[in-house]
Structures are given as C-alpha cells and as structure tokens.
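**Q** Here it is: the structure, laid out below.
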Amino acid sequence: MRVSDLLRRPEPTFSFEFFPPKTDVGLARLYGTIEHLAELGPGFVSVTYGAGGSTRHRTVEIASHIKNTIGIEAVAHLTCRGHTREEIGSTLDSLASNQVDNVLALRGDPPKDVPDEGFSDFRYADELVSYIRDGQSMCIGAACYPEGHTENPDPEDDLRRLVQKVHAGCDFLITQLFFDNEKYFRFVERLRRQRIDVPILPGIMPVTNVAQLKRFTTMCGASVPSALMERLEKYSDDEQAVLALGIEWAIGQCRELLAKGAPGIHFYTLNRSLSTRVVCVSLTGR
Ligand code: FAD
C-alpha cells in the first residue's frame, strides 16, 4: 500500500524507523523487535540507508523482509550522494522486484572517510525525486526540517528548496525530530500557504539518554525547550528517570499533534523499542 494513502486515512498512522544492524545477530534481534511491535498495528516501518551506500544491500534486504515475511508495509530510505544514476537505478529495481514500493528519497551527508562530491550524479534530493518519478511508479517520501536544515542559513530559501522538492514528485514528507510542537505547526502552516498539500508526518524521538540527545540535536539542528532540558539535566545520572521523562514528554507531544490534525507519528526508535512501545500503547490503548 502507498504510504501517502495510509496518511490520508482518518485514523492516525504510527510508524517506526530502524537502522540496519552491523551483524547477523543484531539483524535477528531487530526482526524479533519488529515482530513484537507488529501487535501495535504500525502503518509502516522504515529502514535507513547508510551514507554513500554502506548499508545498501542490508536496507533492501531488511525492507523486503519487513514487507514480505513480517507483513508490515516497508519504506526504504535511499540517499543519492556518492551514487551514480546506474547504482540508484539498480537499487530501485531491487526494491521494486521485492515489492517494496515506498521509498524515502534523500540527499544524505558525505561519508566521513570519502571525499565529498566528484562522483555523484545527483546534487540534491529533488533531483533524486525527479529521477524516481520518471522511471518508477513508487510512492515517494522526502525529509523536511521544521527548524530549517543546518546547511541553509536562509529559512525562506530552505522553504523554497523544499517546495521545489515536493513539486519534483513527493507524495509525503517526514519531519526531522523536534521537541517543540509549535515549530511543527508553524512549519505546516508555511507549507500550506505555498499550496503544498502532501501529508507531513511528524518525527518524534522519546529521549532515552541526555548525552545522546545533546549530540543528536547539535548535529540535526533541533532545539530542546528549556522546560525539558532543565528537567533532564536534573536527572541525567538516573537512567530510569530520564527514560520516564522522555516517555512523558513524547506522550504529551504526540497527543497534542494528533489532536491538532497531524496524520500520525513517525517514531525514531534508534533500534530501541521500549520507550516507543510505551508511548504507542498510551496513545492507542492497545
Ligand atoms: P535536500 O533536500 O537536498 O536538502 C539539503 C540542503 O540543500 C538543504 O539545506 C536545502 O535547503 C539545500 N538545497 C536543496 N536543493 C538545493 C539547490 N537546488 N541548490 C542549493 N541548495 C539546495 N541520512 C542518511 O544518510 N540516511 C538515511 O536513511 C536518512 N534518513 C533520514 C530520514 C529523515 C526523516 C530525515 C529528516 C533525515 C534523514 N537523513 C538520512 C539525513 C539527511 O540525509 C540529511 O539531513 C541531509 O543533510 C539532507 O538530506 P535531504 O534529503 O533533506 O537534502
């Protein structure tokens, strides 16, 4: 099923994001986790793609397993930086032949150990979106950033680039994680004013670790409201208290987002499902 159709249903869609583990033991554990989460009735599960294709085969393999063996709709992330057209084409063919027909089209960041550019046939994600739209019938999603993308200092230009990306052929958007719902609501409003009407799925990460939160938010440019940060810092040595606070904050965010019309929630699980499960159960009562 096309994710854009799922996101247009009246009931909210819950989805979970995982990254490909490095080992077979990790992979078996991940499949166990996803099977267990299936009872929560997720609309789809997405699988990330390592920069420069480092997990290319794993992403296809895992997305195919989720769709064809576990029986949940799968979204395969695909980044274009560092790839030729032929490489991207062959990954899309593998996805299509495995009945994975939802893809999240991304530019990606340059891998740390590989010099930037030089051999990419695509500069930005909108070019990848156009390429997929021209050759495949897939449902295409893309990333968006309620607080702006870190590389673009001009919010208006950043928005224009996003509008251009959607016009290139996106069917839905998933946001970068955020902790302040107002940022999402204002962002959706700005896009609607530009006549962008694709579903915009908010990305939520229940906090599980304060040091990791600081690392992530520095990297991706998401702000942490002082009301949350002050409480987290008070408990930073108490793992259980941080988990509980992360869950409480995420439940509050999700309830308000859904009440005010978000089409669902995309959970950044970081391959740890406990907090996501508690938040989801509290929202759905399942
Ligand atoms: P783009 O849409 O291309 O935008 C990148 C930057 O370029 C922005 O600053 C934009 O304003 C600017 N820009 C766009 N077009 C132009 C243009 N024509 N001229 C000049 N500037 C332009 N990374 C991974 O490696 N693997 C993953 O699986 C992955 N999954 C993600 C999932 C989600 C939901 C999100 C939000 C991010 C994910 N990322 C992933 C991270 C993503 O790859 C990075 O944020 C990357 O820096 C930008 O990718 P993009 O597709 O948003 O890029």
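**Q** Please work out how much accessible surface T23 shows to a 1.4 Å probe, ignoring ligands, DNA and RNA, in Å² rounded to 10.
**A** 80 Å²
**Q** Helix-derived [θ] at 222 nm for the chain: sum -39500 (n - 2.57) over DSSP H runs of at least 4, divide by residue count, nearest 500?
**A** -14000 deg cm²/dmol, from helical runs alone.
**Q** Hey, another quick one. Could you work out how much longer the chain between R186 and Q240 gets when fully extended? Use 0.36 nm per residue separation minus the Cα distance between them, nm to one decimal.
**A** Stretched out fully, the R186 to Q240 stretch lengthens by 16.1 nm.
**Q** Search the structure for amide H atoms under 5 Å from the amide H of V75, placed 1.01 Å from N in the peptide plane, and list their residues when 5 or more places away or on another chain.
**A** Here V45, S46, V47 satisfy the definition.
**Q** Per the 1.4 Å probe, what fraction of the accessible area of the chain, in percent, lies on carbon and sulfur atoms?
**A** Summing carbon and sulfur atoms, their accessible area is 50 percent of the total for the chain.
**Q** Which order do I70, I62 take when ranked by solvent-accessible area (1.4 Å probe, heavy atoms of all protein chains), largest first?
**A** My answer, sorted largest first, is I70, I62.
**Q** While we're on this one: Hey, what's region 227-286 come to in accessible area per residue, 1.4 Å probe, Å²?
**A** Here the residues of region 227-286 average 50 Å² of exposed surface.
**Q** So if we plug the beta-carbon distance of R123 and K214 into 1/(1 + (r/R0)^6) with R0 = 22 Å, what FRET efficiency do we get, rounded to 0.05?
**A** 0.10
**Q** What range in the chain is the longest one free of GluC sites (Glu not before Pro) that are in a loop by DSSP and have at most 13 other Cβ atoms within 10 angstrom?
**A** 152-286
**Q** State whether region 113-187 is rounded, prolate or oblate according to the following rule on the C-alpha gyration tensor (a ≥ b ≥ c being the square roots of its eigenvalues): a/c under 1.5 gives rounded; otherwise a/b larger than b/c gives prolate, and the remaining case gives oblate.
**A** Oblate is the answer for region 113-187, as a/c is 1.5 or above yet b/c matches or exceeds a/b.
**Q** What area, in nm² and to one decimal, does the C-alpha convex hull of the chain cast on average over all directions?
**A** 14.6 nm²
**Q** Regarding region 145-286, what are the three Cα extents along the principal axes, ordered largest first, in Å?
**A** 46, 36, 25
**Q** Also, quick follow-up: Using only alpha carbon pairs under 8 Å that are at least six residues apart, calculate the relative contact order of the chain and give it in whole percent.
**A** After rounding, I find 20 percent.
**Q** I'd like the accessible area for K234, computed on protein heavy atoms only with a 1.4 Å probe and all protein chains in place. Round to 10 Å², please.
**A** 150 Å²
**Q** Which order do you get for L258, L274 if you rank them by accessible area with a 1.4 Å probe, largest at the top?
**A** Accessible-area ranking of L258, L274, largest first: L274, L258.
**Q** Please give, to one decimal in nm, the separation of the simple spin-label points placed at D157 and L274, each 7 Å out from Cα toward the Cβ.
**A** Label at D157, label at L274, 4.5 nm between them.
The values are calculated or read from the model by the stated rules, or taken from the named source; none is laboratory data. All of these numbers come straight from a predicted model, not from anything done at the bench. Because the Cβ atoms are built from the backbone with ideal geometry, glycine has one as well, and the counts that use them run over all protein chains shown. Only protein heavy atoms, including side chains, enter the accessible area calculation; ligands, DNA and RNA are left aside. Shrake-Rupley method; radii C 1.70, N 1.55, O 1.52, S 1.80 Å.
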